[in-house]
Amino acid sequence: ELDLKEVRRKEQHDVVANTLKKRVLLQHREFVEAIHQVGLVKTDLRDTSVVCGAAKQRIRASKDHIAVRGLMIPKLDRRRHNLRAVQELVDAMHALHEKYDRVMGLLDSHKPVSYTHLTLPTKRI
């Protein structure tokens with residue numbers, strides 16, 4: 001009796017195993033195709049990640065460039081202001097030098113001169 005039960009169990013086992021094997025073999029091609037598609041999606045995600053990383057670096061570099069330019073604007077504005085002040089000084093010195101040349105020319109000619117028209121206008125620099 002034990003042998004008969006064991007033989008029946010083995011036959012049932014073989015039937016179940018054969019049925020599962022047929023089902024697996026029928027689904028094998030679809031399973032392999034699905035695994036291949038998962039691999040393609042994984043590759044696409046990796047490529048997308050690389051592109052996004054490069055874009056982040058370019059955005060960061062652009063922000064850094066904008067920040068540096070933002071810091072340079074006040075510096076350039078101070079430089080422009082200083083150049084204007086120097087230009088005013090140079091213009092005043094040029095006017096003073098012209099008046100000095102005129103006074104020296106008048107003194108060399110030995111003519112009596114009124115010096116009131118030769119004074120510089122008072123201007124704050």
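In nm, to one decimal, how far is the modelled label at Val32 from the one at Ser62, with both set 7 Å along Cα→Cβ?
4.6 nm
Please work out how many pairs of lysine residues in the range 7-92 are eight or more positions apart (or on different chains) and have Cα atoms closer than 26 angstrom. Walk me through the numbers before you get to the answer.
Working: Lys10/Lys21; Lys10/Lys22; Lys42/Lys56; Lys63/Lys75.
Taking the range 7-92 as the scope, the lysine pair count is 4.
Since every read-out is calculated from the coordinates, none of them should be taken as a lab result. Here the structure is a predicted model, which is why all the values come from computation and not from measurement. Here the Cβ is made from the backbone with ideal geometry for all residues, glycine too, and neighbour counts use every protein chain on show.
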